[in-house]
Amino acid sequence: MSTSVKGTSVIKSSLIDPDGGTLVDLVVPQNERASKRAEAESMPKVKISKIDLEWVHVISEGWANPLRGFMREDEYLQSLHFNCLKLKDGTVVNMSLPIVLAIHDKDKEVIGASSDVGLIGPNGDLIGILRSVQVYKHNKEERIARTWGTTAPRLPYVEEVISPAGNWLIGGDLEVLEPIKYNDGLDHYRLSPCELRKEFDRRQADAVFAFQLRNPVHNGHALLMNDTRKRLLEMGYKNPILLLHPLGGFTKADDVPLDVRMEQHSKVLEDGVLDPETTIVAIFPSPMHYAGPTEVQWHAKARINAGANFYIVGRDPAGMSHPIEKRDLYDPDHGKKVLSMAPGLEKLNILLFKVAAYDTVEKKMAFFDPSRAKDFLFISGTKMRTYARNGENPPDGFMCPGGWQVLVKYYGSLQSEEAGPQSAVLSA
């Protein structure tokens, strides 16, 4: 494992400032909500999707600090072309993904010359206000090409969000009428950047290292995280805290659902694979783009705002297989290289993954040793899913038993659902 500390050999304090200096909180205070709601009722309204609501959540809590709403055109162009924003004081903050709200022609007509717009959630409830709005053209092809570096078909976020979206973008300052809740039994995991910072203080953390994931935790991940803590102790830190931070917004259809992942993660802590005293498990509410080196900057930047001063990055972060060719969509080494050079991320310490694999001699997950490569088994996500679907156990030591049973149960339920319609057809 190596540490990239750009421009200095001094390890930076864990008391890392949010981008822009002050953490935004765009949720309307309790005593103002009734009047704001009444005001919003008289405004033109735009209905937003479930994924738009996830972005409202992200913006409102300061994950995208110092952004105070959906991007206006000048912010959008800076993000799209430069992957960063230049603030009024001349400082540069990273902003590699455009955070925008698309609207249709009919919405644009309804808004007309109004400067303020009410936002209606997917369930029909009034969830917020956009102030001093600006409507501008949504050039989808340019957005896709610059964000993903390709216009290949079947990119999950493009298919789900951008292709069906309107031809206009609306930017403005956001006011959210109530804290965003999902009522899915997982809201207690959705700690805001402010709440996370308070928890790090409560635990008297002098370093916070964040691990972003959208997959179940196996013992190779745990080895990496435990090794990172050991390295930080060796650097002189007294109480490094792990932020295990699974992504909780939109993911592609074949990813393991959030509720299953959270149950699996809790078993990892219950089984003692990770230490609950030095680990905080929380949900990062952002949707997933699968945009590789462009998106990994967003993942790192958001963790700065949450108070993490170390970020673990490995092979092909935020990447995926090419949707139509048999190869990775991005060079698997580019994500970590980009993070070490990205403008606006200089204050973040980048910790590079060591490669872990299953050691068939020691019968456990271990860091790969090229001198005895034949002793190591790489268990891919596809192989892991095959084991779980077939009810087979992976090699001993690959994953804690409690966590593995969660996956077996999940994939078993999928097979039952798939078998159900087939049985109905046969009986018919």
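The values are calculated or read from the model by the stated rules, or taken from the named source; none is laboratory data. All figures in this text were calculated on a predicted structure; none of them were measured in a lab. No Cβ is skipped: glycine too gets one built from the backbone with ideal geometry, and neighbour counts run over all protein chains shown. The protein model used for the area step is the full one, side chains on, heavy atoms only, and it has no ligands, DNA or RNA in it. Shrake-Rupley method; radii C 1.70, N 1.55, O 1.52, S 1.80 Å.
Of 279, 209, 235, whose Cα points farthest to the positive end of the dipole of the chain (charges on the beta-carbon: +1 Lys, Arg; -1 Asp, Glu; origin at the Cα centre)? The residue sitting most towards the positive pole is 235. If I build a Gaussian network model for the chain, linking alpha-carbon pairs within less than 10 angstrom, which residue out of 221, 289, 81 has the largest mean-square fluctuation? Maximum among the listed residues: 81. Quick check: the distance between the Cα centres of region 91-126 and region 356-384, to the nearest angstrom? So the two Cα centres are separated by 48 Å.
First compute the accessible area of the chain with a 1.4 Å probe, then give the percent of it belonging to carbon and sulfur atoms.
On the way: 9600 of 19150 Å².
That fraction is 50 percent.
According to the square roots a ≥ b ≥ c of the eigenvalues of the Cα gyration tensor, what is the shape class of region 187-415, taking rounded for a/c under 1.5, prolate for a/b larger than b/c otherwise, and oblate for the remainder? Rounded, because the longest to shortest axis ratio a/c is under 1.5. Taking each DSSP H run with n ≥ 4 as -39500 (n - 2.57) and averaging over every residue of the chain yields -10500 deg cm²/dmol at 222 nm. Enumerate the lysines that residue 45 could reach by cross-link, defined here as Cα to Cα under 28 Å, with residues fewer than 8 away along the same chain left out. List returned: 36, 106, 108, 137, 140, 181. Taking 18 Å as the straight-line reach from the Cα of residue 363, the lysines in range (excluding those fewer than 8 positions away in the same chain) are 374, 383.
Ranked by the mean number of other Cβ atoms within 10 Å per residue, highest first, peptides 226-234, 297-305 order as 297-305, 226-234. FRET efficiency for the pair residue 325 and residue 109, taken as 1/(1 + (r/R0)^6) with r the Cβ-Cβ distance and R0 = 41 Å, rounds to 0.45.
Here residue 35 sits with roughly 80 square angstrom of accessible surface, probe radius 1.4 Å.
Gain on full extension, evaluated as 0.36 nm per residue between residue 416 and residue 88 minus their Cα-Cα distance, stands at 112.4 nm. Rounded to the nearest 20, the Cβ-based charge dipole of region 98-186 about its Cα centre (Lys and Arg +1, Asp and Glu -1) stands at 320 debye.
For the modelled label position 7 Å from the Cα of residue 238 along Cα-to-Cβ, which residues of region 191-211 have backbone nitrogen atoms closer than 17 Å? From region 191-211, the list is 200-208. When the chain is treated as a Gaussian network with alpha carbon springs shorter than 10 Å, the biggest mean-square fluctuation among 283, 379, 59 belongs to 379.
Among complete DSSP H helices in the chain, those whose alpha-carbon atoms stretch at least 30 Å along the helix's long axis and whose mean Kyte-Doolittle hydropathy reaches -1.0 are 401-427. Between residue 210 and 243, 310, 311, 312, the built amide H atoms are under 5 Å apart, and every one of these is 5 or more places off in sequence or on another chain. Straight-line reach from residue 86: taking Cα to Cα under 19 Å and skipping same-chain neighbours fewer than 8 places apart, the lysines in range are 301, 347. Remark: relative contact order (region 32-176) = 32 percent; criterion is Cα-Cα distance under 8 angstrom and separation of 6 or more residues.
Think of region 280-428 as a dipole: +1 on every Lys or Arg Cβ, -1 on every Asp or Glu Cβ, centred on the Cα centre; then among 348, 384, 365, 348 lies furthest on the positive end.
List the relative contact order of region 187-415 as a percent without decimals, with contacts defined as Cα pairs under 8 Å and 6+ residues apart. Once normalised by length, the contact order is 22 percent.
Keeping all protein chains in place, calculate the accessible area per residue for the chain (probe 1.4 angstrom), answer in Å².
Roughly 45 Å² per residue, with all protein chains present.
Region 291-305 and region 172-221 have their alpha-carbon centroids 15 Å apart.
Based on the Stokes-Einstein relation at 4 °C and a viscosity of 1.567 mPa s, and on the Kirkwood radius from alpha carbon pairs, region 76-122 is assigned a translational diffusion coefficient of 98 µm²/s.
I need the shape label for region 120-170. Rule: rounded when a/c is under 1.5, else prolate if a/b > b/c, else oblate, with a, b, c from the alpha carbon gyration tensor. Since a/c reaches 1.5 but b/c is at least a/b, the shape of region 120-170 is classed as oblate. Here the extension length gained between residue 382 and residue 275 equals 35.7 nm, from 0.36 nm per residue of separation less the Cα-Cα distance.
Only Cα pairs within less than 10 Å get springs; with that Gaussian network setup on the chain, which residue of 38, 356, 64 has the largest fluctuation? Of the options given, 38 has the highest mean-square fluctuation.
The chain: percent of C-alpha pairs farther apart than 42 Å? Tail of the P(r) past 42 Å holds 16 percent of the pairs. Each 10 Å bin, from zero up to the one with the longest distance, holds this percent of the alpha carbon pairs of region 27-148: 12, 41, 35, 12, 1.
The listed residues 154, 37, once ranked by accessible area (1.4 Å probe) with the largest placed first, stand as 154, 37.
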